[in-house]
Amino acid sequence: MIIDCHGHYTTTPPGVGAWRDAQVAALGGGPVPDGGRFPVTDDEIRESIEGGQLRVQRERGIDLTLFSPRASWMGHQVGDATTSLDWTTRQNDLIKRVCDLYPANFVPVAQLPQSPGTSIENSVRELRRCVDELGFVGVNVNPDPTGGYWTGPDLGDRYWWPLWEAMQELDVPGMLHVSQAENPFFQTTGSYYLSADTTFFVQALSTGFMKDQPNLRLVIPHGGGAIPFHWGRFQGMSVREGWDFEGSTERIFFDTCVYHQPGIDLLLGVVPTERVLFGSEMLGAVRGDNPTTGSGWDDTGKYLEAANVTTEQRERLYSANARTVYPRLAAYLT
Ligand SMILES: [Zn+2]
């Protein structure tokens, strides 16, 4: 069984983007968009999925994708707490519709209605709704809802505790995933995503906050940014600074969204196998084929097949680790 832990609904029907555009326009004085759900039909959803993620799943032999709203569109910096809540609940409801239409192929993962400078309580409530009422198995947490200005509380701050506690109580992990870079200094999927991935690992290490949250599990996407490549740097710094490298980071997991063989080989050579989960993030930021190999950049299963791991390790990477990190998956794997 092959479980892809990192997929977003990047191919939403036009009604979704139009609703968001109207919502943003309303912030500037335009008419407020319809208060109901997105104007999207089930047939439009089927068309967007069957020609997109489902087609690629089948081509690549992926059985199941953990599916969440498009990350770059979370846009937590837009408007205020109400803006974020109105947008987020609809996005999560849309993911639920996709997963209900294709229960054998997609399992729902939520975004949160975060908003800079506001309490995390809205996010806790939406997480509970998604898990308890809608059957979601995980959540994307944005540690920088300012969109690249980095002015909010770091992960070691008590600000986050209600969310960490709810995640442990509900037994769902969080993928630490930022959204669109509002700060033009960054390119969203290149510099911003990867520097964020690196930054949050170092925050976990230097603050040791996960030691106060004994059952919290976090996933860092995109292979952990620069973390595996600089594993020795962080180990060495830990000795020097008195940080507990193992204790502070042992429940941090990494996906395989790394788009060349040497990168995957390095990741698997450095990070213990039980802490790596197969992911591809298709159809994501790096679509298309590598002209040298003729394969899709994000066809990460090909790299795993070529990697120097045992059959048992490969099975862990493909599915066993995901089942451990996302225990609520069991309800979908009967
Ligand atoms: Zn992503």
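When all protein chains stay in place, what accessible area (Å², nearest 10, 1.4 Å probe) is found for residue 239? Roughly 120 Å² of residue 239 is accessible to a 1.4 Å probe.
Here residue 292 and residue 265 are evaluated by their C-beta separation; at R0 = 22 Å the FRET efficiency comes out at 0.85. Return the FRET efficiency for the residue pair residue 229, residue 185: r is the Cβ-Cβ distance, R0 is 30 Å, and the value is rounded to the nearest 0.05. Efficiency, rounded to the nearest 0.05: 0.85.
Quick one: net charge around residue 27, please, counting Lys, Arg +1 and Asp, Glu -1 for every other residue with C-beta under 12 Å from its C-beta. So the surrounding residues net to -2. The calculated 222 nm mean residue ellipticity attributable to helices in the chain amounts to -11000 deg cm²/dmol, summing -39500 (n - 2.57) over DSSP H runs of n ≥ 4 and dividing by all residues. For the range 138-177, the residues whose backbone nitrogen is under 18 Å from a point 7 Å from the Cα of residue 119, taken along Cα to Cβ, are 153, 158-167. Summarised in one figure, the compactness ratio Rg/Rh of the chain, Cα atoms and Kirkwood Rh, is 0.94. Residues whose amide H falls under 5 Å from that of residue 141, counting only those 5 or more places apart or on a different chain, are 175, 176, 177, with hydrogens built in the peptide plane. Peptides 145-151, 100-106 ranked from most to least packed give 145-151, 100-106, packing being the mean of other C-beta atoms within 10 angstrom over each peptide's residues. Whole-Hz Karplus values for the range 281-287 come out as 6, 7, 8, x, 6, 10, 7 Hz, taken residue by residue from phi with 6.51 cos²θ - 1.76 cosθ + 1.60 and θ = phi - 60°; glycine and proline positions read x.
Here the accessible area is traced with a 1.4 Å probe on the protein chains. For the range 86-237, carbon and sulfur cover 52 percent of it. If only the Cβ of Lys and Arg carry +1 and only the Cβ of Asp and Glu carry -1, the dipole of the range 121-184 around its Cα centre is close to 60 debye. Measuring r between the beta carbons of residue 245 and residue 168 and using R0 = 22 Å, the FRET efficiency lands at 0.50.
Multiplying the residue separation of residue 133 and residue 331 by 0.36 nm and subtracting their alpha-carbon distance yields 69.9 nm. Taking amide H atoms as placed 1.01 Å from N in the peptide plane, the amide H of residue 40 has no partner under 5 Å among residues 5 or more positions away or on other chains. Each Lys or Arg adds one and each Asp or Glu takes one away; over the other residues whose Cβ falls under 14 Å from the Cβ of residue 140, this sums to -3.
Each residue of the range 135-141 is assigned a 3J(HN,Hα), and the resulting list reads x, 5, 10, x, 8, 8, 10 Hz, derived from the Karplus form 6.51 cos²θ - 1.76 cosθ + 1.60 (θ = phi - 60°), x at Gly and Pro.
Label-to-label distance for residue 306 and residue 18 is 4.4 nm, based on points extended 7 Å past Cα in the beta-carbon direction.
Taking the Cα centre of the chain as origin and assigning +1 to Lys and Arg Cβ atoms and -1 to Asp and Glu Cβ atoms, the resulting dipole is close to 180 debye.
The values are calculated or read from the model by the stated rules, or taken from the named source; none is laboratory data. Everything numeric here is computed off the predicted structure, so don't read it as measured data. Here Cβ is always computed from backbone atoms with ideal geometry, including for glycine, and neighbour counts include all displayed protein chains. Heads up: the accessible areas ignore ligands, DNA and RNA and are worked out on the full protein's heavy atoms, side chains in. Shrake-Rupley method; radii C 1.70, N 1.55, O 1.52, S 1.80 Å.
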